[in-house]
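Down below is the structure, laid out as C-alpha cells.
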Amino acid sequence: MSALVPGRLRLGVNIDHVATIRNARGGDHPDPVRAAQIVAAVGGDGITAHLREDRRHIRDDDLARIQAATDLPLNLEMAATDEMLEIALRHKPHAACIVPEKREERTTEGGLDAAGQHNHLAPVVGRLLDAGIRVSLFIAPDPRQIEAALRLGVPVVELHTGEYAHATGDERAVELRKVADMAALAAKNGIEPHAGHGLTYENVQPIAAIPQLAELNIGHYLVGEAIFTGLEAAVRRMRELMDEAR
Ligand code: PXP
C-alpha cells in the first residue's frame, strides 16, 4: 500500500468540504465516501476528516462509511473533548490529529496550544495511544509547541502552514523557515513531522521540499479545484508537484 512506502512524502486528502457542499442541501450528494474512493483509486495515501463538534461538514455516520469504503488509513481530526475521544475509541482510526476548535485552545498562529493545555491534553493523548491510535497534534511551528508535544509523548506533530500560506513577499520565506526548522527539530527528537493547512498548487513545493516532512494533509484547495477539473485530476496534479519538489 502506498501509505507504507518509506521515505515517500504522503498525501492525505481532507474531504471535509465535499461534505460541506452536501450539507448545504441536507441530502446525500455529493457523498464524501465517493471522494474517498476516488482518492484511493488515484494513489492518495490517506483520508483526513474532521468531525467537528457542530457537525458542519463530516457527520458521525460518515466515519464508518469511509472506513468501510477504502483501505486507506483514516486520519480523524478531532477536538480534545470527551465526546470526540469516545467516538475515536469506537472507530479506531489509523490516526487522530488533535486540533483546536475553541479560541482559548489556540496559539496565536492558530495551532493547538499544546504548551498551555498540557494537563487537559495528557489524558486524551494517553487514551488514544493506549488504543493503538497514532496521535498527532496540530501545532504552530514554534519550538515551545514542539517541546510540549515531546512532553505529551505524541509520535507525530502536524505543523500548521496557514501563516506560511497567507504570507506574501519576504514574510513567506520567514514562515517557510519556521516550518522547516520545526520539522527538523521534531525529527531530531523522534517525532514524525507532517504539515498542512492552506496548501495549494502555487505554494506546496517549498513545503514538500522540506526533507523531514512525512505527510501533507490538503483539503480545501483540492476540493475547490475538483469543481473545475475533477477530484482525480486535482489529486494527481498535487501529487506531481509534491514529487517534483523532492
Ligand atoms: N490539517 C489539519 C489539521 C486541518 O485541520 C486542516 C483543515 O483545516 C487541514 C490539514 C487541511 O487544510 P486545508 O483545507 O486548508 O487544505
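With a ≥ b ≥ c the root eigenvalues of the C-alpha gyration tensor of the range 154-246, is it rounded (a/c under 1.5), prolate (a/b larger than b/c) or oblate? Verdict is prolate for the range 154-246. Rounded to the nearest 20 debye, the dipole size of the range 1-148 about its Cα centre is 360 debye, using +1 on the Cβ of Lys and Arg and -1 on the Cβ of Asp and Glu.
Figure note: 232, 158, 104 ranked by solvent-accessible area, largest first, 1.4 Å probe, ligands and nucleic acids not counted: 104, 232, 158. Per-residue ellipticity at 222 nm from helix content only, as computed over the chain with -39500 (n - 2.57) for each DSSP H run of at least four residues, stands at -14000 deg cm²/dmol. Near residue 96, the amide H atoms lying under 5 Å from its own belong to 76, 134, 135, 136; only residues 5 or more places off or on other chains count, and H is placed 1.01 Å from N. Each of 197, 160 has its accessible area taken with a 1.4 Å probe; listed largest first, they run 197, 160.
Under 5 Å from the amide H of residue 217 lie the amide H atoms of 12, 195, 196, 197, each residue being 5 or more positions distant or on a separate chain, with H modelled from the backbone and absent for Pro and chain starts.
Annotation: the antiparallel percentage among DSSP beta bridges lying fully within the range 103-246 is about 10. Of the DSSP beta bridges with both residues in the chain, give the percent that are antiparallel, rounding to the nearest 5. Bridges in the chain that DSSP calls antiparallel: roughly 5 percent. Each of 85, 13, 50 was scored by the projection of its Cα onto the charge dipole of the range 1-103, and the greatest displacement toward the positive side belongs to 13; charges sit on the C-beta of Lys, Arg, Asp and Glu. Packing order of peptides 61-72, 175-186, highest average first: 175-186, 61-72 (average count of other Cβ atoms within 10 Å over each peptide's residues). Accessible area per residue for the chain, computed on protein heavy atoms with a 1.4 Å probe, is 44 Å².
Over the range 80-169, what is the percentage of antiparallel beta bridges among all DSSP beta bridges, to the nearest 5? That works out to approximately 10 percent antiparallel.
With semi-axes defined as the square roots of five times the eigenvalues of the C-alpha gyration tensor, the equivalent ellipsoid of the chain measures 25, 23, 17 Å, largest first.
Surface composition of the range 71-180: carbon plus sulfur atoms contribute 49% of the solvent-accessible area (1.4 Å probe, protein chains only, all chains present).
For residue 178, the lysines whose Cα falls under 23 Å of its own Cα, not counting residues fewer than eight places away in the same chain, are 188. Could you tell me which of rounded, prolate or oblate describes the range 33-176, using a ≥ b ≥ c as the square roots of the eigenvalues of the alpha-carbon gyration tensor, with rounded for a/c under 1.5 and, failing that, prolate when a/b is larger than b/c and oblate otherwise? Taking the square roots of the gyration eigenvalues as a ≥ b ≥ c, the range 33-176 is oblate. Backbone phi angles across the range 118-130, fed through the Karplus curve with coefficients 6.51, -1.76 and 1.60 (θ = phi - 60°), yield HN-Hα couplings of 3, 5, 6, 7, 3, x, 5, 4, x, 5, 5, 5, 4 Hz in residue order; Gly and Pro are listed as x. Rounded to the nearest 20 debye, the dipole size of the range 147-237 about its Cα centre is 160 debye, using +1 on the Cβ of Lys and Arg and -1 on the Cβ of Asp and Glu. A 1.4 Å probe over all protein chains sorts 17, 120, 220 by accessible area into 220, 120, 17, starting with the largest.
The values are calculated or read from the model by the stated rules, or taken from the named source; none is laboratory data. Everything quoted here is computed from the prediction, not taken from an experiment. Note: ideal-geometry Cβ built from the backbone for every residue, glycine included; neighbour counts use all protein chains shown. Accessible surface is based on the protein model in full, side chains and every heavy atom, while ligands, DNA and RNA are left aside. Shrake-Rupley method; radii C 1.70, N 1.55, O 1.52, S 1.80 Å.
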